[in-house]
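Remarks on the structure that follows.
The values are calculated or read from the model by the stated rules, or taken from the named source; none is laboratory data. It should be emphasised that the depicted structure is a prediction, and the values quoted were computed from it without experimental measurement. Here Cβ is always computed from backbone atoms with ideal geometry, including for glycine, and neighbour counts include all displayed protein chains.
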Amino acid sequence: TLPTDLFTLADHERHALARLDGPVWAYFSGGAADEITLRANRSAWDALTLAPRVLRPLAGGHTRCELLGRTLAHPIMLAPVAFQRLAHPDGELATAYAAAALGAGLVLSTQASQPLEAVAQAMLGDAGRGPLWFQLYLQPDRGQTRELVQRAEAAGYEALVLTVDAPCSGVREREWRAGFRLPPGIRAVNLPAAAAPSASGGTGPSNGAPAGSSALFDGLLRHAPTWDDVQWLQSSTRLPVLLKGVLHPEDARTALAHGVAAVIVSNHGGRTLDTTPSTASVLPRIADATGGALPLLVDGGIRRGTDVLKAIALGARAVLVGRPIVWGLAHSGAAGVAHVLRLLRDELEVAMALTGCATLAQAGREILADVGNF
Ligand code: FNR
């Protein structure tokens with residue numbers, strides 16, 4: 001049974017903090033370096049102000065939205081978050097049951113700690129479910145990548161989300177200081193054991209590369225994906241390919257030119273490059289640069305229904321939440337994740353009603369007091 005004092009996502013965070021070990025908490029909650037981007041993601045949503053509107057017709061309103069040819073019950077999706085069994089023994093399975101029950105789209109991480117087929121099964125049986133997508137990290141071995149893609153296709157995943165902002169891990173010293181390591185029995189089970197990364201990709205700077213050589217450029221980055229690999233992936237699958245981790249308007253235009261199905265505006269929750277702009281601040285620039293021709297999603301610091309509505313107003317079709325999933329999971333498993341999703345959706349409906357939006361299509365930039373003509 002759920003704790004009785006869960007009124008906000010912050011309440012979920014508090015309960016998760018009390019439940020998880022210090023190093024695991026550092027892994028889930030930390031960002032890169034000084035965590036400036038991590039904080040900026042949050043404060044940017046806070047800083048946007050909404051323009052309340054009164055006496056507009058709200059009867060018959062709803063939160064439905066269109067995405068990749070489907071109608072979703074609401075625009076709140078679950079971001080790919082690795083190693084969810086660190087938070088709860090049921091891990092990604094619990095998350096999938098919750099997502100299905102709440103009609104929320106789910107993106108499963110390449111680094112999931114449970115088999116991608118089992119997660120698909122947990123989700124696909126539910127008639128009211130949202131989209132089920134597979135997040136892909138291109139593996140140095142393209143044959144292995146193709147195998148992973150084929151497994152995802154066969155299991156019923158409906159799109160591939162290629163994460164492009166993490167050819168290497170960020171400098172995540174909060175994790176390093178806390179001494180985080182994957183415990184025995186938890187690993188990226190969908191990758192061959194030899195290819196499976198440690199959770200942080202390392203335990204600190206340069207683990208003993210000889211002077212004069214670069215651990216990174218001579219190692220991992222020899223296989224770093226390029227735009228050519230995006231094309232390769234598109235030609236090796238029948239599934240739509242989305243890019244996750246685009247932050248520059250020019251990259252969004254290039255993505256559009258490559259015919260990707262959608263772009264997720266993301267800075268990986270502040271876990272890769274520190275001191276990038278917040279996603280809320282770049283979303284409108286990317287929307288302008290792509291002029292509605294490319295469906296946009298956004299994540300990073302979304303913790304309130306008002307944040308969801310602001311994201312829609314700035315040009316997103318849908319949003320993803322990362323850490324809050326882990327919070328719900330950590331203290332209450334599937335029920336906790338479902339509660340997180342329900343809270344966000346309820347708050348979104350209130351925010352819509354009080355800004356005079358019966359539908360998300362009515363939520364344009366003019367509902368933002370700082371951007372529109374308040
Ligand atoms: C992530 N994220 C992530 N992204 C991805 O493409 N593949 C992955 O395996 C992971 N793993 C992962 C683990 C943990 C612990 C976190 C916190 C994040 C990034 C994630 O999908 C998303 O972009 C951010 O988490 C969104 O920000 P918020 O909602 O956590 O602030």
Scan F83, F134 and give me the residue that is aromatic (F, W, Y), touching a Phe, Trp or Tyr at 6+ places or on another chain (Cβ under 7 Å) and crowded, with 21+ Cβ neighbours inside 10 Å.
F134
Looking at (1) within 13 Å of the ligand (Cβ to nearest atom); (2) aliphatic (A, V, I, L, M); (3) in a loop (DSSP other than H, G, I, E, B), find the lone condition where A16 falls short.
(3)
In the range 24-84, which strands (runs of 3 or more DSSP E) lie fully inside it and hold 3 or more residues that are touching a strand residue (DSSP E or B) at 6+ places or on another chain (Cβ under 8 Å), within 28 Å of A334 (Cβ to Cβ) and hydroxyl-bearing (S, T, Y)?
none
S200 within 24 Å of the chain's Cα centre (by Cα), at pLDDT below 80 and among the hydroxyl-bearing types (S, T, Y):
yes
Of all residues in the range 142-189, how many are more than 19 Å from the chain's Cα centre (by Cα) and more than 17 Å from S236 (Cα to Cα)?
17
Flag for D346 being buried (at least 22 other Cβ atoms within 10 Å of the Cβ), outside any loop (DSSP other than H, G, I, E, B), charged (D, E, K, R) and in contact (Cβ under 8 Å) with a residue 24 or more places away in the chain:
no
What number goes with the only condition from (1) touching a Leu at 6+ places or on another chain (Cβ under 8 Å); (2) free of Cβ contacts under 8 Å to residues at least 60 places away in the same chain that D21 does not pass?
(1)
Pick from V161, V119: which is more than 27 Å from A252 (Cβ to Cβ), buried (at least 20 other Cβ atoms within 10 Å of the Cβ) and of a type outside the set (F, W, Y)?
V119
